[in-house]
Amino acid sequence: MKILVINCGSSSIKYKLYDTKISSLLAKGLIERIGEKNSKAKNHTEGIKLLISRIIEEGAVDKLEEISAIGHRVVHGGEVFTQPHIIDDAVIGKIKECVPLAPLHNPANLAGILSCAKVLPDTPQVAVFDTAFHQTMPEAAYLYAIPGYFYKKYKIRKYGFHGTSHQFVACQAADILGKPLEKIKLITCHLGNGCSITAIDKGKSIDTSMGFTPLEGLIMGTRSGDIDVAAVFHIMKKEKKHIADMDEILNKKSGLLGISGLSNDFRSIVEAAKRGNRFAKLAYDMFSYRIEKYIGAYYFALGGADAICFTGGIGENSKKFISDIKKKLKRIIDSKTKIMVVPTDEELMIARLTYKMVKGKQKCH
Ligand code: ADP
């Protein structure tokens with residue numbers, strides 16, 4: 001079965017085409033600069049038409065009808081979506097209701113869905129949500145200690161993100177360990193530009209480091225992660241900053257970039273630290289320490305773990321980081337807990353979940 005996976009941004013469409021029977025990638029690409037002057041795609045519908053003509057030209061499919069289903073990455077599913085859904089008018093309405101929670105991302109994801117419905121009206125579409133995997137967190141983990149009114153009125157709570165990646169890595173880890181996912185405890189660490197850690201008990205997320213938005217938790221490329229909110233108020237008062245300025249500082253100018261003053265790219269941080277740059281070394285140490293703290297907390301919350309898994313650009317590739325953290329973890333954790341690198345593949349997970357929804361029977365791995 002050929003499944004098209006779409007990750008639609010406000011001006012771009014990333015796509016991958018899979019044959020799910022053999023989990024093989026048949027085509028992939030990116031349509032950029034949608035809506036810009038001189039662009040080949042004036043809007044998302046033209047972008048979808050363009051990508052279809054590309055995969056036909058490349059010979060990945062002969063005709064439209066060969067695409068059995070389309071899986072869309074949707075960033076925010078709020079509390080409504082606890083799993084992927086076949087898209088119909090009701091689902092579209094509910095994704096729209098989640099727009100206030102992800103005002104930049106959900107409208108773009110919706111544009112992709114509506115465009116596909118125009119271009120391929122007879123092909124089933126499935127929405128796979130970044131937040132859905134974390135909907136199993138208990139109240140004690142997802143509520144913030146603020147008056148309940150804000151949760152009731154605005155749904156202010158921890159949602160967590162990178163859910164598709166954490167789920168994929170958990171499935172892979174279970175395979176590697178040779179045990180059913182329903183019988184193991186895992187800590188999955190997704191370390192890329194964005195970073196998050198999840199505690200998974202018997203296949204279910206019980207806590208995760210990102211929060212109401214992806215800003216909470218670990219130190220990331222340009223995001224601060226956890227910070228005392230009162231410090232933010234203080235900066236705003238002293239520097240007369242507005243909300244938008246502060247949002248930009250915490251999301252785009254902090255993290256590895258803010259600490260080092262050099263780069264958000266982990267490779268550059270490691271190289272500069274090696275050359276003796278004090279602030280690059282500090283960025284590396286702070287980044288690592290925050291991860292260790294979360295692993296410690298989740299190890300305790302889970303009551304131990306069968307494995308601690310690392311993934312994402314840093315988790316999969318930085319030999320130095322993995323070797324350093326392994327040394328530290330091995331001193332503390334049970335010797336039976338495996339520490340492993342598990343490459344993630346969010347698009348393949350979306351393809352598998354889409355297949356499962358359409359066929360209604362396949363396991364996630
Ligand atoms: P995104 O979250 O945008 O998908 P990635 O998962 O690709 O990001 O991760 C990007 C991060 O991975 C960058 O900080 C980059 O420096 C880091 N990275 C990629 N390759 C390596 C490597 N070989 N060694 C160390 N860090 C790496």
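Counting just the residues of the stretch 193-210 that are touching a strand residue (DSSP E or B) at 6+ places or on another chain (Cβ under 7 Å) and within 16 Å of the ligand (Cβ to nearest atom), which one comes out farthest from residue 140 (Cα to Cα)? Even if it seems obvious, please write down each step before you answer.
Going residue by residue through the stretch 193-210, those that are touching a strand residue (DSSP E or B) at 6+ places or on another chain (Cβ under 7 Å) are 196-201, 205-210.
Right, trim to within 16 Å of the ligand (Cβ to nearest atom) and you get 196-198, 208-210.
On the way: 196: 19, 197: 17, 198: 15, 208: 12, 209: 14, 210: 15 Å.
Out of the qualifying residues, it is 196.
For the stretch 309-328, give me each residue that is β-branched (Val, Ile, Thr) and within 12 Å of the ligand (Cβ to nearest atom).
If the condition is that a residue be β-branched (Val, Ile, Thr) and within 12 Å of the ligand (Cβ to nearest atom), then 311, 314, 322 are the ones that fit.
Evaluate the following for residue 187: is it part of a strand (DSSP E or B), of a type outside the set (Lys, Arg), touching a strand residue (DSSP E or B) at 6+ places or on another chain (Cβ under 7 Å) and more than 16 Å from the ligand (Cβ to nearest atom)?
Spelling it out, residue 187 is indeed part of a strand (DSSP E or B), of a type outside the set (Lys, Arg), touching a strand residue (DSSP E or B) at 6+ places or on another chain (Cβ under 7 Å) and more than 16 Å from the ligand (Cβ to nearest atom).
Counting only residues that are without any contact (Cβ under 8 Å) to a residue 40 or more places away in the chain and surrounded by 14 or more Cβ atoms within 10 Å (Cβ to Cβ), which one in the stretch 106-141 is farthest from residue 67 (Cα to Cα)?
Residue satisfying both the conditions and the ranking: 106.
Can you tell which of 310, 266, 321 is within 27 Å of residue 171 (Cβ to Cβ), in contact with a Cys (Cβ under 6 Å, 6 or more places away or on another chain) and not small (Gly, Ala, Ser)?
Exactly one residue qualifies, and that residue is 310.
How many residues, within the stretch 78-117, are part of a helix (DSSP H, G or I), farther than 17 Å from residue 214 by Cα and of a type in the set (Val, Ile, Thr)?
Number of matching residues: 4.
Out of all the residues in the stretch 242-262, is one or more touching a residue at least 60 places away in the same chain (Cβ under 8 Å) and either aliphatic (A, V, I, L, M) or not in a helix (DSSP H, G or I) (or both)?
No, the stretch 242-262 contains no residue that is touching a residue at least 60 places away in the same chain (Cβ under 8 Å) and either aliphatic (A, V, I, L, M) or not in a helix (DSSP H, G or I) (or both).
Quick one: which residue in 284, 289, 299, 294 is within 13 Å of the ligand (Cβ to nearest atom) and either closer than 24 Å to residue 199 by Cα or surrounded by 19 or more Cβ atoms within 10 Å (Cβ to Cβ) (or both)?
284
Is there any pair linking a residue in the stretch 265-278 that is closer than 14 Å to residue 192 by Cα to one that is outside any loop (DSSP other than H, G, I, E, B) and more than 12 Å from the ligand (Cβ to nearest atom), with Cβ under 6 Å and at least six apart or on different chains, and which?
269/280
So is residue 269 within 16 Å of the ligand (Cβ to nearest atom), crowded, with 17+ Cβ neighbours inside 10 Å, under 25 Å from the mean Cα position of the chain (by Cα) and not in a loop (DSSP other than H, G, I, E, B) or not?
Yes; evaluated as a whole, the condition is true for this residue.
List pairs: first residue in the stretch 337-354 and more than 12 Å from residue 3 (Cβ to Cβ) and among the polar types (S, T, N, Q), second residue within 15 Å of the ligand (Cβ to nearest atom) and modelled with pLDDT of 95 or more anywhere in the structure, Cβ distance under 6 angstrom, at least six positions apart or on different chains.
344/165; 344/168; 344/169; 344/311
All but one of (1) within 14 Å of the ligand (Cβ to nearest atom); (2) surrounded by fewer than 20 Cβ atoms within 10 Å (Cβ to Cβ); (3) over 14 Å from the mean Cα position of the chain (by Cα); (4) of a type in the set (Gly, Ala, Ser) hold for residue 221; state the number of the condition that does not hold.
The failed condition is (2).
Hey, among 191, 177, 256, 181, which residue is in contact with a Lys or Arg (Cβ under 9 Å, 6 or more places away or on another chain), crowded, with 20+ Cβ neighbours inside 10 Å and modelled with pLDDT of 95 or more? First the steps, then the outcome.
Numbers: 191 fails: in contact with a Lys or Arg (Cβ under 9 Å, 6 or more places away or on another chain); 177 fails: crowded, with 20+ Cβ neighbours inside 10 Å; 256 fails: in contact with a Lys or Arg (Cβ under 9 Å, 6 or more places away or on another chain).
So the residue among 191, 177, 256, 181 that is in contact with a Lys or Arg (Cβ under 9 Å, 6 or more places away or on another chain), crowded, with 20+ Cβ neighbours inside 10 Å and modelled with pLDDT of 95 or more is 181.
I'd like to check something: does the stretch 307-330 contain any residue that is in a loop (DSSP other than H, G, I, E, B) and among the charged types (D, E, K, R)?
no
Out of the residues in the stretch 209-239 that are among the polar types (S, T, N, Q) and in contact with a Leu (Cβ under 7 Å, 6 or more places away or on another chain), which is nearest to residue 78 (Cα to Cα)? It would help to see each step written out before you state the result.
Residues of the stretch 209-239 among the polar types (S, T, N, Q): 209, 213, 222, 224.
If we keep only those that are in contact with a Leu (Cβ under 7 Å, 6 or more places away or on another chain) too, we end up with 209, 222, 224.
Working: 209: 17, 222: 25, 224: 23 Å.
Selected residue: 209.
The values are calculated or read from the model by the stated rules, or taken from the named source; none is laboratory data. Keep in mind that what you see is a predicted model, and the values were worked out from it rather than measured. A quick note on method: Cβ atoms are made from the backbone with ideal geometry, for glycine too, and the neighbour counts reach across all protein chains shown.
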